[in-house]
1. Pairs only if they're at least six apart or on different chains, beta carbon under 9 angstrom, first in the range 617-634 and on the phi > 0 side of the Ramachandran plot, second modelled with pLDDT of 75 or more; list them, first residue then second.
2. For A516, are the conditions met, namely being touching an Asp or Glu at 6+ places or on another chain (Cβ under 7 Å) and within 21 Å of G138 (Cα to Cα)?
3. If I filter the range 607-628 down to residues being polar (S, T, N, Q) and buried (at least 16 other Cβ atoms within 10 Å of the Cβ), which single residue comes out as nearest to H533 (Cα to Cα)?
4. Being at pLDDT 85 or above and surrounded by fewer than 15 Cβ atoms within 10 Å (Cβ to Cβ) is the requirement here; does E422 meet it?
5. So, restricting to strands (runs of 3 or more DSSP E) that lie completely within the range 554-669, which ones have at least 1 residues that are over 24 Å from V106 (Cβ atoms) and of a type in the set (V, I, T)?
6. Which pairs have Cβ atoms under 8 Å, sit 6 or more apart or on different chains, and link a residue in the range 445-474 that is within 16 Å of M575 (Cβ to Cβ) and of a type in the set (G, A, S) to one that is at pLDDT 85 or above and not in a helix (DSSP H, G or I)?
7. Could you grab me the full set of residues in the range 440-454 that are assigned to a loop (DSSP other than H, G, I, E, B) and modelled with pLDDT of 85 or more?
8. Can you find a residue in the range 253-270 that is within 22 Å of the chain's Cα centre (by Cα), surrounded by fewer than 20 Cβ atoms within 10 Å (Cβ to Cβ), of a type in the set (S, T, N, Q) and outside the structural domain of T606 (by TED's automatic domain parsing)?
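The values are calculated or read from the model by the stated rules, or taken from the named source; none is laboratory data. Quick caveat: nothing in here was measured; it's all calculated off a predicted structure. Because the Cβ atoms are built from the backbone with ideal geometry, glycine has one as well, and the counts that use them run over all protein chains shown.
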Amino acid sequence: MDKQADLKRIADLRKIIDYHNKRYYQQDAPEISDAEYDRLMKELQDLEDHYPEKHSAESPTQRVGAAPLVKFASFNHPSPMFSLANAFSNEEIIEFDGRIKRLAGVNNISYIAEPKLDGLAVNLIYENGIFTRGATRGDGTTGEDVTQNLKTISSLPLKMKKSDVKTIPEFIEIRGEVYIQKEPFHKLNLRRMKEGEEPFANPRNAAAGSLRQLDSKITSRRPLNIFLYGVGNVRGIVFSNHWEVLQTLSGWGFPVNSLIKPADNILSCIEYFENISTQRENLPYEIDGVVLKVNDLALQAALGNVSRSPRWALACKFPAAQATTTIKDIIVGVGRMGTLTPVAIMEPVNVGGVMVSRATLHNEDEVLKKDVRVGDTVVIQRAGDVIPEVVKVILEKRTGKEKEFKMPGKCPECNSDVVRLEGEVAHRCVNISCPAQLKEHIRHFASRGAMDIEGLGEKVSAQLFDAKLITDPADLYFLSKDQLVALDRQAEKSAQNLIEAISKSKKPPLDKFIYALGIRHVGERTAKLLAAHFGSMENLMAAQIEDLTAINEIGPEIAASILEFFHEHKNIDVMKKFNNAGVTPQKKEITGNAPWRGKSFVFTGTMDSMSRNDAKAIVENLGGTIHSSVTKSTTYVVAGSDPGSKLEKAKSSGIKIISEEDFLKLAGR
């Protein structure tokens with residue numbers, strides 16, 4: 001063989017295949033047949049096998065899959081991937097715009113409007129233009145590393161192409177949505193049924209299942225596609241607005257949805273929403289709404305986030321998918337906080353591509369308001385991943401045999417008294433040792449977002465309770481392998497794996513442990529705030545109400561709930577038991593002397609020499625924290641050009657105001 005000629009052919013084939021990938025996957029205008037494409041790919045694979053020293057991570061052959069994984073590694077996102085707040089009406093969209101204007105102190109806001117794909121959100125890392133890692137959104141902070149599977153998506157560039165608009169950055173996070181188009185999804189299901197496999201319920205489930213295959217060779221045979229819609233952390237370049245981000249991504253060779261448009265005001269956004277809704281059925285992919293984003297990135301940073309959602313973005317959902325069915329029964333479930341929830345058991349029905357047989361009725365007031373009875377014919381709906389709910393009763397279908405629902409006075413799980421506190425709609429079981437609450441609590445404690453104890457699912461936790469081996473989560477750490485093996489259908493290997501998984505969880509991140517405790521009103525975001533502020537369980541347990549409410553985003557209700565939890569004697573006993581078992585939550589330590597520990601910074605206006613992410617990194621590396629609004633606990637307000645209302649609030653509150661130059665000097669830059 002002529003080596004020089006072969007090496008030239010390898011380079012030529014890579015360019016040819018990349019070109020045809022773009023024609024097929026991005027432009028929907030293929031120039032060659034599938035058979036010809038397969039022939040080119042086979043030729044390239046053979047040549048690369050013959051010259052292994054010429055292996056390249058950028059080659060199209062890297063999309064065919066790698067050896068199967070045992071388990072996905074976890075991936076910590078360099079910057080959080082937030083979920084979006086939802087709107088279901090024009091009134092809610094206008095309210096969103098009004099809030100932004102009030103917070104920004106301006107009369108008009110420009111937005112970017114884009115279709116909301118019904119797929120799976122991912123985060124992609126490119127270093128010096130090369131795709132190095134990619135992960136699912138997960139809990140917004142930690143996802144699953146699915147790099148090999150993402151490489152199989154032919155529309156995703158493995159290497160960014162050079163652009164006249166922006167230089168390629170040394171590091172960038174790019175956010176996108178993995179999806180499957182309608183027609184390929186239909187063909188995929190036909191093939192699965194022909195091979196005797198269950199068809200996927202909808203394209204989103206198919207995309208999510210395909211991306212989470214441990215064997216990337218299977219993923220490579222699935223018709224996955226991707227649209228990129230934003231960025232996270234960036235080093236080496238600066239963007240001024242979101243539209244510039246999208247245009248730059250497109251220039252670098254990334255597929256960006258062509259339906260995304262700038263909108264001068266909120267009325268233009270509503271018009272866009274209405275236009276897209278009329279096109280929805282004719283689009284080649286599934287969408288479930290429209291996403292609105294404030295265009296100005298400096299304003300995005302100034303607006304910040306609330307809980308798990310950015311203040312500067314909104315998901316405007318299309319009307320929910322609906323169906324008609326009959327209610328066979330109304331049962332009452334007991335949650336881990338003791339809340340009793342009526343649940344309608346229905347004749348199974350397909351709603352928006354998903355078979356459902358249960359729907360929440362929320363609470364007794366909701367049941368009475370809608371007058372829902374056992375035997376009724378009802379309209380149910382679901383929007384996206386929202387739990388199905390009963391919309392209304394079709395009264396014309398009533399026969400007179402329907403039975404009215406009444407909330408029980410005793411807990412269906414433990415027969416303890418059920419109470420309804422003044423000012424609340426929920427009925428609660430007052431028994432802190434209620435088996436249903438404890439079982440749900442253990443499931444929550446062991447879940448992926450909390451302690452992530454693999455193998456401790458619903459059935460095993462129920463067995464442990466029924467065998468009286470545990471009465472609270474701390475008891476898990478005193479279990480023995482022999483006790484587990486004695487349980488029904490517990491093999492020795494499974495028991496050993498579970499003991500090891502429990503032991504492995506003894507040094508959890510502090511925020512995960514706080515979340516795992518199941519404190520009312522304390523979700524993952526609040527747990528992170530508490531961990532960052534207090535640094536240890538001892539400090540958190542000793543906190544007073546004013547210490548808690550001093551934290552940005554924690555109000556009186558959350559603070560009271562935390563205080564109540566750590567003053568309950570049973571909970572104090574459980575915490576002591578955790579300590580005796582050797583469970584020691586770990587706070588991520590800040591390297592160096594952390595001279596800014598305990599100091600908080602608020603930024604307002606545009607920074608000239610750094611992005612908000614750069615500023616955040618400086619503050620956090622020196623041990624400080626960044627808040628989105630000025631409070632009495634704010635140490636410094638850093639004022640850039642064109643500062644907003646935060647500057648006036650800082651002046652009136654006597655908070656120290658420093659310039660960008662002062663900030664950098666303070667940081668030793």
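1. Matching pairs, first to second residue: G623/P595; G623/W596; G623/R597; G623/G598; G623/K599.
2. Criteria not met by A516.
3. T625
4. Answer is no for this residue.
5. 656-659
6. A474/A581; A474/V583
7. Scanning the range 440-454 gives S447, A450, M451, D452, I453, E454.
8. Yes, the range 253-270 contains a residue that is within 22 Å of the chain's Cα centre (by Cα), surrounded by fewer than 20 Cβ atoms within 10 Å (Cβ to Cβ), of a type in the set (S, T, N, Q) and outside the structural domain of T606 (by TED's automatic domain parsing).
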